[in-house]
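Just so you know, all these numbers are worked out from the coordinates, no wet-lab data involved. Predicted model, so just to flag it, every value in this text is computed and none were measured. Methodologically, a virtual Cβ is constructed for each residue, glycine included, from the backbone with ideal geometry; neighbour enumeration extends over all protein chains shown.
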Amino acid sequence: MIETEIVAATEPFADDPATRPSIVLLPAPLKRAERGHPWIYSNEVRIDQAARALLPGTLVTLRRGDGTAVGVAMFNPHCLLAARLLDRDAGRSIGRRFFASRIQRALRLRQQLFSEPFYRLVHAEADGLPGLVVDRFDEVLVVQSNAAGMARVEALILDTLCAILEPKAIVLRNDSPARAQEGLLPEVRVAAGTLDARLLLREAGALFPIDPLAGQKTGWFFDQRQNRGLVANLAKGGARVLDLYCYTGGFAVQAARAGASQTTGIDRSEPALALAREAAVVNGVDAVCVFRRGEAFAEAERLAGEGERFEVVIADPPAFAKTRKEVPAALRGYRKLARLAARTTARGGFLFIASCSYHIGVAEFTEAVRQGLADAGRTGRIINTSGAGPDHPVHPALPETAYLKSTTLSLD
C-alpha cells in the first residue's frame, strides 16, 4: 500500500472582491466574452506593468473599458490563454463555499446519470471549474490541475473533495502537457489517504484493473464508455474483432463478453497490455482475447497483406494533433488509419474510428475517414456518430470541450 497524510484544510489565499486586482478587456474581443466564452487570450486584454507583476493563477476581476465588471477569472500573465472565467458575478468571493457548490453540482449530475460511482466527476470548464479534472473510481479520486489558478487552490480543492466524498485516496496526476503551457511542473503522487496496489473499475458488468499512478491520463478513458457498449453489441454472435490502440482492453474485453469469438488487441505499451490481459482473466474471456505489442499502422498493414479480415475493427488512437500546426499531418494520419483499418474489415463488417484531437473538427475528421475508405476501395454507410459520454459535458460557448468525435460504419 501507498500511504500519505490527509491534506490539511488550508486556503492558499483569501479572495476579497473589493480588493481583487482588475484586468481590462480590449474592445474587440469583448463581445465574445459577453456571449459566454470562458477563455480570454493575452491579445484580448490590456497587459500593463501591474498585470505582468501578478502571480500566475491570481484571481482578477475582468472589466470593460468603462470599468464595469464582466466577471471573476483566474489570470496568468505568462500564458497565451491569459484568463479563465470562473463566475459572471464579479462580486462573488471565490473560496471553500464556491468550490463545494460547484463540486456538489457536478456530483448530483453524475449520480443522476450513473448507478455506480465510476465516472468523470469534474470536467473542467463545462462544470464551471476551469482546468480541473476529477475522475472517480468509487473510493479513489484522480485529480488533474491543468491551470495555474487551479494549482494555487489545489489544497482547498482536495480538502473539499475529502469533505464531500470521504474518499479512501486521492491521486494527483499532474503530468499533462497542458501544465507546461501554464508554467507548472509535472507531479504524480498520492495526495491523500491510502491507495491499494490493486484497483478495479466496474463498467457495464465488467471489471478492469487500472493503474491511476502510471496509466495514461487518469488511468481510464470514461469518455468512450457508450462507444464501448455500441461496439460490444456489434460483436455479439461470434464476430472476430481487431482492436488497434487497445490500451488496457476496454473495447476488446467488452466485445469478448458480448460474444465475440476472438479479439485481437494491439498496443505499444507493455504495461497497458499487461492490464488488458489481466482484465481478460478477471472477466473470464482470456480464452478468446489475444493482446500483443505492436505499432498499429504496421500491424494493420501486415494483417491486411496477409488477408486477415475481421467483422469488427476498432481504431481509437491517441491525439494525432496536439497543436494547430500538427493538424495537416494529423488529417493525413487519420486518412491512412481509415484506409488500413478498412482493408482489415470484412465485407458487411463494422469499422469504429475515433479522434480525441480537439484541434480536428468533426467535418475535417469525417472527410479524412471518407478519403481513407476511398483509398481502400471500400464503400459503406455511417450508422453512428458520437462524442464523449455524458460525464464529459460540453460548455455551450466553448466548442473545444467537444474534443472527442467518432464514426461507426458498416462496410460493403
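For Ala28 and Ala287, the FRET efficiency from 1/(1 + (r/R0)^6), where r spans their Cβ atoms and R0 equals 56 Å, is about 0.35.
Going by neighbour counts of Cβ atoms within 10 Å, the residues Arg202, Arg339 line up, fewest first, as Arg202, Arg339.
How many percent of the alpha carbon pairs in the chain exceed a separation of 30 Å?
Details: 38628 of 84666 pairs.
The share of Cα pairs beyond 30 Å in the chain comes to 46 percent.
Counting Lys and Arg as +1 and Asp and Glu as -1, each charge on the Cβ, what is the dipole of the chain about the Cα centre in debye, to the nearest 20? Could you put the intermediate results ahead of the total?
Working: 51 positive and 46 negative charges, 226 e Å.
The dipole of the chain has a size of about 1080 debye.
Each label point was placed 7 Å from the Cα along the Cα-to-Cβ direction; for Asp87 and Lys168 their separation is 3.5 nm.
Derived from the Cα gyration tensor, the three semi-axes of the equivalent ellipsoid of the range 191-336 are 24, 22, 13 Å, largest first.
Partner lysines whose Cα lies under 29 Å from the Cα of Lys236, excluding those fewer than 8 positions away in the same chain, are identified as Lys336, Lys405. For the chain, take the longest principal axis of its alpha carbons; what is the angle in degrees between that and the long axis of helix 327-343, to the nearest 10 within 0 to 90? Taking Cα atoms only, the helix is inclined about 30 degrees.
Between Ala204 and Gln112, what's the calculated FRET efficiency when r is the beta-carbon distance and R0 is 22 Å? Round to 0.05. Display every interim value, and only then the final one.
Numbers: r = 18 Å, r/R0 = 0.82.
The calculated FRET efficiency here is 0.75.
Backbone amide hydrogens, once placed in the peptide plane, bring Leu132 within less than 5 Å of Ala124, Glu125, Asn146, excluding anything fewer than 5 places away on its chain.
Helical runs (DSSP H, four residues minimum) scored at -39500 (n - 2.57) apiece and divided by the length of the chain put the mean residue ellipticity at 222 nm at -9000 deg cm²/dmol. Phi-derived couplings, Karplus 6.51 cos²θ - 1.76 cosθ + 1.60 at θ = phi - 60°, listed residue by residue for the range 401-411: 6, 8, 6, 8, 9, 9, 9, 10, 10, 9, 9 Hz, with x used for Gly and Pro. Close amide-amide hydrogen proximity is noted between Arg63 and Ile23, Val24, Leu25, Val70, each under 5 Å apart and 5 or more residues distant or on a separate chain (H modeled in the peptide plane; Pro and chain starts excluded).
For Arg120, the amide hydrogen comes within under 5 Å of the amide hydrogens of Arg136, counting only partners 5 or more places away or on other chains and with H modelled in the peptide plane.
Peptide packing: for 300-311, 280-291, 107-118, the average count of neighbouring Cβ atoms within 10 Å per residue gives the ranking 280-291, 300-311, 107-118, highest mean first. Restricting to bridges with both residues inside the range 157-312, how much of the DSSP beta-bridge set is antiparallel, in percent to the nearest 5? Close to 50 percent.
Whole-Hz Karplus values for the range 197-209 come out as 5, 10, 10, 10, 10, 10, 8, 6, x, 9, 10, 9, x Hz, taken residue by residue from phi with 6.51 cos²θ - 1.76 cosθ + 1.60 and θ = phi - 60°; glycine and proline positions read x. Seen from all directions on average, the range 22-87 presents a Cα convex hull projection of 3.7 nm². Each residue of the range 228-236 was assigned a 3J(HN,Hα) from its phi angle through the Karplus curve 6.51 cos²θ - 1.76 cosθ + 1.60 (θ = phi - 60°); the sequence is 4, x, 4, 5, 4, 5, 6, 8, 5 Hz, with glycine and proline shown as x. Only lysines eight or more places from Lys168 in sequence, or on another chain, were considered; those with a Cα closer than 22 Å are Lys217.
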